[in-house]
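To start, the structure under review is shown below, and the notes come after it.
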Amino acid sequence: MTSPAPEFLASIGLETHVQLRTASKLFCGCARAFGAPPNTLVCPVCLGLPGAMPTVNREAVRLTVRAGLLLDCEIGLRSKFDRKSYFYPDMPKNYQISQYDRPLCIGGKLEIEVGGARKTIRLTRIHLEEDVGKSLHFESSSGVDFNRAGAPLMEIVSEPDLATPDEAMAYLLALKQILVYGGISDANLEEGNVRCDINVSVRPAGATRLGTKAEIKNMNTFKGVHRALTYEIERQIRVLRAGGAIRQETRRWDDAAGRTEAMRSKEDAHDYRYFPEPDLLPIELTAEEVAAWRADLPERPAARRARFVAAYGLPEYDAGVLTAEKAIADYFEAVARACGNFKAASNWVMTEVLRALGERQMDIAQLRVTPAALAALIGLVERKVITMPTAKEVFAHLFERGGDPEAIVKEKGLAQVSDTGAIDALAEAAIAAHPSVAADYRAGKKPALQFLVGQVMKASRGKANPQLAAEALKRKLEG
Amino acid sequence: MARLSSFALHELSAKLAAGECSSVEIVNDLLDAIAERNGELHAYLWLNAEEARAAAAEADRRRAAGESPRSPLDGLPVALKDNLSARGQPCGCASRILEGYRAPYDAHVVERLRAAGAILLGRTNMDEFAMGSSTENSAYGPTRNPWDSERVPGGSSGGAAAAVAGGLALAALGSDTGGSIRQPASFCGCVGLKPTYGRVSRYGLVAYASSLDQIGPIARDTRDAARLLGIIAGRDARDSTSLDAAVPDYEAALGERLDGLRLGLPREYFGAGLDPEVERAARAAAEQCRALGAEVFEVELPHTPYAVAAYYLLATAEASANLARFDGVRYGRRVEGEDPTDLYQRTRAAGFGPEVKRRIILGAFALSHGYYDAYYLRAQKVRTLIRRDFEAAFERCDALLAPVAPTPAYRLGEKTDNPLAMYLGDILTIPVNLAGICGLSVPCGFTPGGLPIGLQIIAPALGEERALRVGHAYEQATRWMEKTSHASPSAIRGQR
């Protein structure tokens, strides 16, 4: 549904702005935080007061380089900041400190997967810049909240290697995954951590040169990107089919109307009048510094997924689910290592853990069941101390209150009943209560046994060892 | 007996220590002098009279209680150019667009002054946003030269120089982007020092051209300039361009002789267009330095003719961005409009004066698409060549001697219709800013008409000690400052 008409090809490039996970802003000591009352996280520097001067937050530089290393970029050991001039009420200085011709990261690539096919998307560059404030519109007036102004933003520019809205979506998800993996960004879309500008053109299949592109500005949801691309590709194809020409222009996505509309043409494009920021020295990095950062990189999601398949014998699908988020993968590995039963660890994390978190809309960081506790729980089942239904009950308890599973089993008397005398009594009672079922079994309907086992389990409130129960029943029915 | 406001800071510091006067008496005498003459000179835009009196009383109380002084500046008043932020004070840069704005924070230099116990007396007039060489570009009217009120005091720190020369301030801090400390010091007969780029933190100085701006003292003599520099110099983490170099004891470098020093006279600085009286005074000063033991010879700075053009591209390019923030949205003057763009246009049209508009437009043009390489980039290359000129000269000599400005103070209105002529008046000071080195202006005589003339001493980066040493030895030998700081202009004319 999302590939363009076969006689046309689309080329999509994305400029993705990602807010970095630093404690403070890029050029001042104000906290970088979301949700504070308007204009409370501000100072002379991020308000652009006369005489205030920027200083560079080195952590933002480190995180940008870390992203570059994870995305196979070349790192610019000598990069610099530039001023990008344009007037807008949310811009405190009416210029943005950005990077023009010497970005921190050059080139790079990101692998995506769509419908089972893998594709490598080339990156152009990654540069560091400051975020702007946020315009607020009231009934009869407008205001600006500068809390976000000066927050560190990384702009990741891709080559026009994406061909479909699905690929664009996969690119954004893969990018988000790797950035969260690296601890580079929270990539929280609700908090505006990720925003993106789209460049898209279409051309007849077989044409070697790219068509004229349109730019769609300020997308802030991945779904919006997909919808806008779907619309815009169809629009451009429609124009070309009708014999028209695409104008090079900037367009805006109207989410409610579900269409893009022209904002300004190439002729009206801003002249940003870039020049080197005289208030800041060039950013100098040493090869040793970059090497140390490289040595400190986390395992990339794709590599981890492959390792989970190889080392833990997990199916591709399971490995994909478990590595989708770094925190989940870390949790799984801790459980697997502690209990040694990889398959059980994978089953527990993929079913019980993710389901319970999903139901409560919780994050794995908030989970009270420690990896050690889950491993112990798996061990109790393995050693047949408790049954699977009991284990789920214990898990529910751990999920609410945390604690040690063995202590809970002991405290609640949940240990599996393996006392043959007690089981024998329950088996006799089950046969007596269901004579027709017993008769069926004796008549050769073997599955009838399962019903009787279920009755024994029910009577024991799940604690009876099901194997011993079956044996006792057989003995009594057949004997 | 001379009034207190006619002494130098170091003289008053000694008087305070000896109990010969109080801080309150000094501040009151200055406020009296201001009441008498500021109406004519218009050196101050804003006075901090009440706070200054209270701070003086507090300093006197500390002294009476036997507390040791916080610094040699403790209890002594200093004036600030109107582009230096001081918490709670207006900081208007002599512009309408900053009407009503009060700085909510202290500039680095103001923090240093406060910590030293200095008293902030008031804010001095300037060319709007430091763009000008005569203080005629102030939105609040020009400052007049204390030596001849029909003449300009120079600029852009003209209010500061006129206040110091006219007995309305003991010393002041100004800023120098292309000569804005040295040239008014020369026109008014005081000492002005443009430190090495990065020697003094710019944090809190309202930027005109960030890669050229530098804060420095305007004072009665070289000892006071050295003393003030010692207080304001040094690394500040809030200004990334501030230098991490030890601050020497500048006063310790001051002496009587110049033996062993090699002083260069740049041939290009004594060329066509130089007023003969200015040339005579500068050459006489060079001879005086020779008599004090220095070796004096000619050197060359071949790229000097390109400095003014390069400066007016680079400075205006930076200014076009630096001044973009004055838009009426967050502070200062606002003229309402139909939409944000209309608001910007009306606010900036009403808020900026003609010279500021001229420079913003020139700078925006130099940076615009298709012109960047031909203007901004080429000007940067010229800047490199000028820096190399100085490096080559400083291989042969320790410091350079030159006039500060091609002419003495001119008449009000004489150059206002011809911006280019005004720009060319900066030809002898601009190269020092482009090269990022330091320059000192000291009085070196008078024209027959009784107007002060300044000698410029140019030293390499972080060569302030050397410049001050030369300036001080020359000053002690000639004692021009006694005529400039104590006597009235008529008295000087009478002597001649």
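Some observations on this one:
- In the range B:82-111, residue nearest to B:Ala130 (Cα to Cα) [restricted to those that are within 9 Å of another protein chain (Cβ to nearest Cβ) and surrounded by fewer than 24 Cβ atoms within 10 Å (Cβ to Cβ)]: B:Tyr101
- Put simply, of B:Ala294, B:Ala315, B:Ala309 the only residue that is touching a strand residue (DSSP E or B) at 6+ places or on another chain (Cβ under 9 Å), within 30 Å of B:Phe394 (Cα to Cα) and touching a residue at least 24 places away in the same chain (Cβ under 8 Å) is B:Ala294.
- Of all residues in the range B:166-220, those satisfying the criterion of being among the hydrophobic types (A, V, I, L, M, F, W, C) and part of a strand (DSSP E or B) are B:Ala171, B:Ala172, B:Leu173, B:Val191, B:Leu193, B:Val200, B:Leu205, B:Ile215, B:Ile218, B:Ala219.
- Considering (1) part of a helix (DSSP H, G or I); (2) under 30 Å from B:His10 (Cα atoms); (3) under 22 Å from the mean Cα position of the chain (by Cα), the lone condition that B:Cys289 does not fulfil carries the number (3).
- You will find that of A:Ala407, A:Ala422, A:Ala469, the residue that is closer than 30 Å to A:Asp330 by Cα and small (Gly, Ala, Ser) is A:Ala407 and no other.
- Pick from the range B:42-65, criterion touching a Ser or Thr at 6+ places or on another chain (Cβ under 6 Å) and in a helix (DSSP H, G or I), ranking: nearest to B:Arg102 (Cα to Cα): B:Ala56
- Test: residue in the range A:433-444 that is without any contact (Cβ under 8 Å) to a residue 40 or more places away in the chain, among the acidic types (Asp, Glu) and surrounded by 14 or more Cβ atoms within 10 Å (Cβ to Cβ): yes
- Residue match in the range B:141-153 (condition: under 22 Å from B:Leu314 (Cα atoms) and not charged (D, E, K, R)): no
- Residue within the range A:207-215 that is within 14 Å of chain B (Cβ to nearest Cβ), surrounded by fewer than 15 Cβ atoms within 10 Å (Cβ to Cβ) and either over 28 Å from A:Arg102 (Cβ atoms) or in contact (Cβ under 8 Å) with a residue 12 or more places away in the chain (or both) present: no
- Apart from one condition, B:Ser68 fits all of (1) outside any loop (DSSP other than H, G, I, E, B); (2) of a type outside the set (D, E, K, R); (3) surrounded by fewer than 24 Cβ atoms within 10 Å (Cβ to Cβ); the exception is (1).
- Count - residues of the range A:373-432 that are assigned to a helix (DSSP H, G or I), open to solvent by 60 Å² or more (accessible area, probe 1.4 Å) and among the charged types (D, E, K, R): 10
- Applying a threshold of 8 Å to beta carbon distances and a minimum spacing of six or more residues, or different chains, the list of pairs starting in the range A:304-324 at a residue that is more than 17 Å from A:Val353 (Cα to Cα) and among the β-branched types (Val, Ile, Thr) and ending at one that is modelled with pLDDT under 95 and open to solvent by 20 Å² or more (accessible area, probe 1.4 Å) reads A:Val309/A:Pro315; A:Val309/A:Glu316.
- So A:Ala60, is it over 25 Å from the mean Cα position of the chain (by Cα) and either buried (at least 22 other Cβ atoms within 10 Å of the Cβ) or charged (D, E, K, R) (or both): no
- Test for B:Arg330: is it away from every other protein chain (no Cβ under 11 Å), part of a loop (DSSP other than H, G, I, E, B), basic (Lys, Arg) and open to solvent by 40 Å² or more (accessible area, probe 1.4 Å): no
- The listed residues are B:Tyr371, B:Tyr376, and the only one of them that is crowded, with 21+ Cβ neighbours inside 10 Å and either over 30 Å from the mean Cα position of the chain (by Cα) or within 11 Å of chain A (Cβ to nearest Cβ) (or both) turns out to be B:Tyr376.
- With respect to the conditions (1) surrounded by fewer than 19 Cβ atoms within 10 Å (Cβ to Cβ); (2) within 14 Å of another protein chain (Cβ to nearest Cβ); (3) not in a strand (DSSP E or B), A:Val239 falls short on a single one, namely (2).
- Selection within the range A:24-54 - in a strand (DSSP E or B) and either at the interface with chain B (Cβ under 7 Å from one of its Cβ atoms) or buried (at least 16 other Cβ atoms within 10 Å of the Cβ) (or both): A:Ser24
- Counted residues, the range A:310-329 - those being assigned to a helix (DSSP H, G or I) and surrounded by 15 or more Cβ atoms within 10 Å (Cβ to Cβ): 10
- Every residue from the range B:317-327 that is in a helix (DSSP H, G or I), facing chain A (nearest Cβ under 10 Å) and either in contact with a helix residue (DSSP H, G or I) (Cβ under 9 Å, 6 or more places away or on another chain) or open to solvent by less than 10 Å² (accessible area, probe 1.4 Å) (or both): B:Ala317, B:Glu318, B:Ser320, B:Ala321, B:Asn322, B:Leu323, B:Ala324
The values are calculated or read from the model by the stated rules, or taken from the named source; none is laboratory data. Bear in mind that the values here come from a model prediction, so they are computed numbers and not experimental data. We place every Cβ from the backbone using ideal geometry, glycine too, and count neighbours over all the protein chains shown. Heads up: the accessible areas ignore ligands, DNA and RNA and are worked out on the full protein's heavy atoms, side chains in. Shrake-Rupley method; radii C 1.70, N 1.55, O 1.52, S 1.80 Å.
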